[in-house]
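Below is one structure; the comments refer to it alone.
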């Protein structure tokens with residue numbers, strides 16, 4: 001708590017709270033990052049669950065790099081958003097719930113990525129020649145990770161909205 | 001009818017009244033609006049980045065198979081956006097960020113129309129690694145830029161609330 005109070009008293013934190021542009025700019029980055037990381041995660045999940053089967057899975061590799069970039073943008077902007085209101089956010093349950101959900105969503109994304117590479121390796125196995133080699137078997141693990149990714153990001157977005165509605169008033 | 005009368009008529013519609021009375025309904029609308037945003041951005045990234053050549057080794061037809069997500073996302077946001085507007089037309093209508101955002105949405109629509117009418121059937125035949133025409137790339141780049149701006153302007157609506165101009 002003392003650290004949070006100290007953080008709140010810093011010039012930077014004060015500037016964030018009092019400036020007209022600090023929060024809006026941070027929220028812009030946060031919205032764009034969200035669109036990128038959640039959008040790509042959901043598209044990949046859809047593909048894993050059977051949508052657009054003609055779309056080759058390796059096509060998602062570069063998109064994943066972009067998704068992680070979006071994740072990093074939101075981690076950075078999220079840290080700065082926290083720096084602006086550390087005590088109020090620390091006292092908001094929805095904030096902690098969102099953090100847990102984001103970790104879960106990140107883990108799902110990591111599991112999806114692992115599933116992608118795992119399936120690429122499976123293609124190289126001897127005996128899987130000809131047309132059969134291009135047909136990648138979507139494992140149950142990949143499907144579970146896909147559904148988890150959809151649900152966790154959905155819940156994180158909802159929790160994010162609830163933070164704004166349930167933040168306590170500024171401490172005296 | 002005057003502008004104020006039209007806005008008042010919109011404000012008096014039942015949907016606006018219902019949402020004004022329930023913060024929960026408004027929060028639900030916001031959450032759905034973000035979901036629509038993510039669906040649109042996800043779908044657009046696949047389609048536009050394939051058109052631009054940033055992602056390759058994908059038959060164009062397969063990339064375009066993600067267009068329905070863009071449309072569904074857009075429709076969700078059109079519906080929730082209309083809901084928001086109906087709760088407080090007098091706040092949104094004069095807001096310069098709102099006006100510019102709506103203009104950009106229309107521009108996005110025009111850009112999509114240009115692509116659909118002029119490029120869609122030409123790009124459908126493109127296989128893995130095959131490049132798009134200049135017009136295909138221009139509409140794809142414009143699409144990303146336009147919808148990026150729409151997101152930013154949406155985020156800036158509260159900042160310009162009560163203002164009548166950006167300056």
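Only the coordinates and a few stated rules stand behind these numbers; no lab work does. Note that the coordinates shown come from a computational prediction; the quantities given were computed from them, not determined experimentally. Because the Cβ atoms are built from the backbone with ideal geometry, glycine has one as well, and the counts that use them run over all protein chains shown.
The table below lists the values:
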{"read-out": "Scattering curve values for chain B, log₁₀ I(q)/I(0), Debye with Cα scatterers, q = 0.14 Å⁻¹", "value": "-0.78"}
{"read-out": "Using a Förster distance of 30 Å, the FRET efficiency for residue A:2-residue A:141 (Cβ separation, nearest 0.05)", "value": "0.10"}
{"read-out": "Normalised contact order of region A:2-166, rounded percent, pairs of Cα under 8 Å and 6 or more residues apart", "value": "32"}
{"read-out": "Square roots of five times the Cα gyration tensor eigenvalues for the protein assembly as shown, Å", "value": "37, 27, 17"}
{"read-out": "GNM top mover of A:87, A:47, A:62 - chain A, alpha-carbon springs below 10 Å", "value": "A:62"}
{"read-out": "With Cα atoms, 0 to 90° folded angle of helix A:140-166 axis to chain A main axis", "value": "20"}
{"read-out": "Computed E for residue A:12/residue B:12 - FRET, C-beta separation, R0 51 angstrom, nearest 0.05", "value": "0.65"}
{"read-out": "FRET efficiency, 1/(1 + (r/R0)^6) with R0 41 Å, evaluated for residue B:113 and residue A:79 via beta carbons", "value": "0.50"}
{"read-out": "Separation of alpha-carbon centers, region B:16-92 and region A:21-48, rounded to whole Å", "value": "12"}
{"read-out": "Helix axis angle, B:3-12 relative to chain B longest principal axis, alpha carbon, degrees", "value": "90"}
{"read-out": "Length-normalised contact order of chain B in % [C-alpha pairs under 8 Å, at least 6 apart]", "value": "31"}
{"read-out": "Inter-label distance for residue A:62 and residue B:145, nm, one decimal - labels placed 7 Å from Cα along Cα-to-Cβ", "value": "2.0"}
{"read-out": "Chain lengthening between residue B:120 and residue B:3 when straightened (0.36 nm per residue, less Cα-Cα)", "value": "38.2 nm"}
{"read-out": "Label-reachable residues, region B:82-110, where backbone N falls under 19 Å from a point 7 Å from residue B:21's Cα toward its Cβ", "value": "B:83-89"}
{"read-out": "Folded to 0 to 90 degrees: helix B:96-114 orientation relative to chain B principal axis, Cα", "value": "30"}
{"read-out": "Dimensionless Rg/Rh of region A:2-166 - Kirkwood Rh, Rg from C-alpha atoms", "value": "1.11"}
{"read-out": "Percent of alpha-carbon pairs separated by more than 19 Å within region B:31-94", "value": "44"}
{"read-out": "Full-stretch length increase - residue A:90, residue A:72 - with 0.36 nm per residue and alpha-carbon distance subtracted", "value": "4.4 nm"}
